[in-house]
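Trainee: Please read through the structure below; I'll follow up with questions.
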Amino acid sequence: MSNQPILEVKGLKKHFSVKKGMFGAQGVVRAVDGVSFSVMPQESFAVVGESGCGKTTLGRLILALETATEGSVAFEGRDLYKLSNAELRKTRRDLQVIFQDPYSSLNPRMTVQQIIEEPLIIHDAYSGPGQRAKRIDYLLDVCGISQSHLTRFPHEFSGGQRQRVGIARALALNPKLVVADEPVSALDVSIQAQILNLLKDLQREFKLTYVFISHDFSVVRHLCDRIAVMYLGKVVELAKSETLFDDPQHPYTEALLSAVPIPDPSIEKRRKRILLSGDVPSPLKPPSGCHFHPRCRYAQDSCRTTPPSLEESKTAHWTACPINPFKEKPSQAALIEI
Amino acid sequence: MTLQPVLSVKGLRTHFFLDEHIVRAVDGVSYDLLPGKTLAVVGESGSGKSVHALSILRLLPEPPAKVVAGEILFKGKDLLKMPAEELRQIRGNRIAMIFQEPMTSLNPVLTIGDQISESIILHQNATQEKAWAKAIDLLGKVGIPHPSERVNDYPHQFSGGMRQRAMIAIALSCEPDVLIADEPTTALDVTIQAQILELMKELQKEFHMAIILITHNIGVVAEMADEVAVMYAGRQVEYGSVGDIFKDPKHPYTRGLLNSVPSIYTRKEKLEAIPGQPPELNKEFPGCPFVARCGVAEARCKDQDPPEFELAAGRMSNCWKQESESLKTRHRHDAGRAPQAPVLS
Ligand SMILES: Nc1ncnc2c1ncn2[C@@H]1O[C@H](COP(=O)(O)OP(=O)(O)OP(=O)(O)O)[C@@H](O)[C@H]1O
Ligand SMILES: Nc1ncnc2c1ncn2[C@@H]1O[C@H](COP(=O)(O)OP(=O)(O)OP(=O)(O)O)[C@@H](O)[C@H]1O
Ligand code: SF4
Ligand SMILES: [Mg+2]
Ligand SMILES: [Mg+2]
């Protein structure tokens, strides 16, 4: 494994102008608002957070499907936003995406064969005699799709089978980095487990790097090495997966973890929840200072005015909370030991 | 004194009679629901959870839907045999229901206050004024800040979590004996889900109502349930207390389901996924519907329908493997006076 990050995101911002209210006044949604991190080759990097916090926008920025308002995304050391169209097209082979909704992300008029083959045709890859058929055979095999499905259409399949087809398509060109945006959220648990196991196996087989976007901490814990927690466009905590679960440092992470139900009634019965009051505020009018302060039980006066920056609160553990409430006393969320 | 069940479902089967085929959406569900308790109904998408709930309130379009067998006893009276007028007095009043997507069940052109007070006036003969005051009171109870102002809002002015609170306020307006909640938090963020579940627990204590909680989230089951009914392909395949189901699951599907859930609590190297897909419901299975995905199937599982084996009081499994432990055996279609299935021409 090399020591160079495969992906480097620096000061990334994406602001959308939107009409506000009935009179059409312009407002700005700071969907992604100053995000920085780097991902090492073959790492699984998770981005978690609640609906609307900017996860999908961040994913689209990483894939250069969206232009940034500010900041840069470097893939293997090259700034994606500075590449010419031709160069970007070539780089796209290495950057692929798996979407949440296997129902709408596959073209309903294409057969499974056409769906998987299309990227090979576009990039003129595996073009020698018999190579394409061999490649498709291989993809079917590793993704657990039966040969007999090749001539069938997406609507003939269940959600899990469709997601397998989407994954086979994403892997067709042997990418290096895969952005998976809620790839199992639409699936039933028993099927979700199949796909998660598949993604794990494929990572080894293809030496993949994942940026895994999810709102589900349980899924992320199972699959990912490091986790970034987002709130209203900003990363509030970033740490190794185990550390984040055992020793969360940000009050928002603490509350999020404590809200996740644990599939074990004997634990649930003894658990105390930290209930956050109110909803996530509108991204059109985020609270001043620390965006989380109106819902935070540790907030002090300074939190209302000073926006915190992401600091290394412990080794390789980054937190955007200067109050540091868990320095002496570990967070409640970590106290669910039996 | 033993508690009488407030609701008893016996051998419920609800089918859809379509042009080409019959969909056996619910094909054998039986349980007793006790006052003040929560029954979780779990199962994969399409396993019949919602159709079962809609059957209880007779909210399904008939045709194509038809309850072909079973009894649904509310305080001893069969809802399936009740005249429409009598049923209307129970629906939304003694038995209330909330759905996954509150936006589709709220009326977008009426204020939240109108909708809550309408329900109160309809079921309790209250005056407009009294109903409005109660609406404000209820909004406060379900945790809407500044209820006397927000009561004038329209549904689109509420966030997803607030809409679900408003739905709960409507459902509770008549202090029902039974609340059926069909995936009430599935569309919500996890911190909002935690708020809503907490609210349901508090209100359950206060009103002493029984809850049927439909969910596919195993964590939510662990948090909320007293009893659990597991559904697969329209059939209730296992039933028991929440402790028994999690500690000692009997049916291979329940075991697979519990093993396939990731948890924030532990990291497993590999999840134990259930192979294959659930079967399509438009075919009749001569044997066990789980046979194609089951790791311990026997020869007879393919063509012999496993009956319901009662393993202890309130503990049931529909798997041939439990035959030897069984105290009592009942066919899943048995329900005392089952009405006749219609004859298809
Ligand atoms: N094209 C757009 N124009 C205006 N606003 C947008 C646009 N795309 C996203 N947004 C806004 O940016 C914010 C972040 O959206 P995004 O889709 O990235 O969130 P998310 O974290 O992926 O949410 P979810 O979990 O619901 O998918 C939201 O407030 C959203 O409404
Ligand atoms: N109006 C209808 N006509 C025909 N079939 C129907 C109808 N409504 C439901 N079904 C079928 O009945 C079966 C059970 O559906 P149901 O909605 O009860 O599943 P569910 O367990 O609630 O699933 P989910 O978790 O996705 O909500 C499904 O196969 C569904 O396709
Ligand atoms: S900075 Fe203040 S408001 Fe923000 S999380 Fe920390 S304690 Fe809470
Ligand atoms: Mg998204
Ligand atoms: Mg349903």
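The values are calculated or read from the model by the stated rules, or taken from the named source; none is laboratory data. None of these values were measured; they are calculated from a predicted model. For neighbour counting, all protein chains shown are included, and Cβ atoms are generated from backbone atoms with ideal geometry for every residue, glycine included. The protein model used for the area step is the full one, side chains on, heavy atoms only, and it has no ligands, DNA or RNA in it. Shrake-Rupley method; radii C 1.70, N 1.55, O 1.52, S 1.80 Å.
Trainee: Are any of the residues in the stretch B:158-171 surrounded by fewer than 20 Cβ atoms within 10 Å (Cβ to Cβ) and within 16 Å of ligand 4 (Cβ to nearest atom)?
Mentor: yes
Trainee: For the subset of the stretch A:168-191 comprising residues that are within 15 Å of ligand 2 (Cβ to nearest atom) and farther than 16 Å from A:Leu223 by Cβ, which member is farthest from the chain's Cα centre (by Cα)?
Mentor: Going through the stretch A:168-191, the residues within 15 Å of ligand 2 (Cβ to nearest atom) turn out to be A:185-191.
Checking which are farther than 16 Å from A:Leu223 by Cβ leaves us with A:186, A:188, A:190.
Working: A:Ala186: 15, A:Asp188: 19, A:Ser190: 21 Å.
Selected residue: A:Ser190.
Matching residues to (1) surrounded by fewer than 20 Cβ atoms within 10 Å (Cβ to Cβ); (2) part of a strand (DSSP E or B):
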position: B:Arg13; (1), (2): no, yes
position: B:Glu20; (1), (2): yes, no
position: B:Val26; (1), (2): no, yes
position: B:Tyr31; (1), (2): no, yes
position: B:Leu39; (1), (2): no, yes
position: B:His52; (1), (2): no, no
position: B:Leu59; (1), (2): yes, no
position: B:Gln89; (1), (2): yes, no
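Trainee: Can you tell me which residue within the stretch A:150-161, out of those that are over 16 Å from B:Glu280 (Cβ atoms) and touching a helix residue (DSSP H, G or I) at 6+ places or on another chain (Cβ under 6 Å), is nearest to the other protein chains (Cβ to nearest Cβ)? Reasoning before the result, please.
Mentor: Going residue by residue through the stretch A:150-161, those that are over 16 Å from B:Glu280 (Cβ atoms) are A:150-151, A:153-154.
Then drop every residue that is not touching a helix residue (DSSP H, G or I) at 6+ places or on another chain (Cβ under 6 Å), which leaves A:150, A:154.
Details: A:Leu150: 18, A:Pro154: 15 Å.
If we take residues in the stretch A:150-161 being over 16 Å from B:Glu280 (Cβ atoms) and touching a helix residue (DSSP H, G or I) at 6+ places or on another chain (Cβ under 6 Å), then A:Pro154 is nearest to the other protein chains (Cβ to nearest Cβ).
Trainee: Considering only the stretch B:172-182, how many residues are at pLDDT below 85 and open to solvent by 30 Å² or more (accessible area, probe 1.4 Å)?
Mentor: First pass over the stretch B:172-182, keeping only residues at pLDDT below 85: B:172-175.
Then drop every residue that is not open to solvent by 30 Å² or more (accessible area, probe 1.4 Å), which leaves B:175.
Summing the residues that are at pLDDT below 85 and open to solvent by 30 Å² or more (accessible area, probe 1.4 Å) in the stretch B:172-182 gives 1.
Trainee: Is it the case that A:Ala74 is more than 16 Å from ligand 1 (Cβ to nearest atom) and open to solvent by 10 Å² or more (accessible area, probe 1.4 Å)?
Mentor: Numbers: more than 16 Å from ligand 1 (Cβ to nearest atom): yes; open to solvent by 10 Å² or more (accessible area, probe 1.4 Å): yes.
For A:Ala74, the condition - more than 16 Å from ligand 1 (Cβ to nearest atom) and open to solvent by 10 Å² or more (accessible area, probe 1.4 Å) - is met.
Trainee: Just one of (1) open to solvent by 70 Å² or more (accessible area, probe 1.4 Å); (2) within 14 Å of chain A (Cβ to nearest Cβ) trips up B:Gly256, so point out which.
Mentor: For B:Gly256, the failing item is (1).
Trainee: Would you mention how many residues in the stretch A:124-167 are of a type in the set (Lys, Arg), at pLDDT 90 or above and under 23 Å from A:Asn197 (Cα atoms)?
Mentor: Counting residues in the stretch A:124-167 that are of a type in the set (Lys, Arg), at pLDDT 90 or above and under 23 Å from A:Asn197 (Cα atoms) gives 1.
Trainee: Report whether or not A:Arg226 is at pLDDT below 90, touching a Ser or Thr at 6+ places or on another chain (Cβ under 7 Å), open to solvent by 10 Å² or more (accessible area, probe 1.4 Å) and away from ligand 1 (no atom under 16 Å from the Cβ). Step through it out loud before you land on a result.
Mentor: On the way: at pLDDT below 90: no; touching a Ser or Thr at 6+ places or on another chain (Cβ under 7 Å): yes; open to solvent by 10 Å² or more (accessible area, probe 1.4 Å): yes; away from ligand 1 (no atom under 16 Å from the Cβ): yes.
When the stated conditions are applied, A:Arg226 does not pass them.
Trainee: Next question. Could you tell me whether the stretch B:217-233 includes any residue that is at pLDDT below 90 and open to solvent by 10 Å² or more (accessible area, probe 1.4 Å)? Quick ask: steps written out before the conclusion?
Mentor: First, the residues of the stretch B:217-233 that are at pLDDT below 90: none.
Among the residues of the stretch B:217-233, not one is at pLDDT below 90 and open to solvent by 10 Å² or more (accessible area, probe 1.4 Å), which makes the answer no.
Trainee: Output the residues belonging to the stretch B:304-333 that are open to solvent by 80 Å² or more (accessible area, probe 1.4 Å) and at pLDDT 90 or above.
Mentor: Hit for the stretch B:304-333 is B:Lys321, nothing else.
Trainee: Now, a different point. Looking for whichever is open to solvent by less than 30 Å² (accessible area, probe 1.4 Å), part of a loop (DSSP other than H, G, I, E, B) and in contact with a helix residue (DSSP H, G or I) (Cβ under 8 Å, 6 or more places away or on another chain) here; the options are A:Val184, A:Val165, A:Val178. Which one fits? Write out each step before concluding.
Mentor: On the way: A:Val165 fails: part of a loop (DSSP other than H, G, I, E, B); A:Val178 fails: part of a loop (DSSP other than H, G, I, E, B).
Going through A:Val184, A:Val165, A:Val178 in turn, the sole match is A:Val184.
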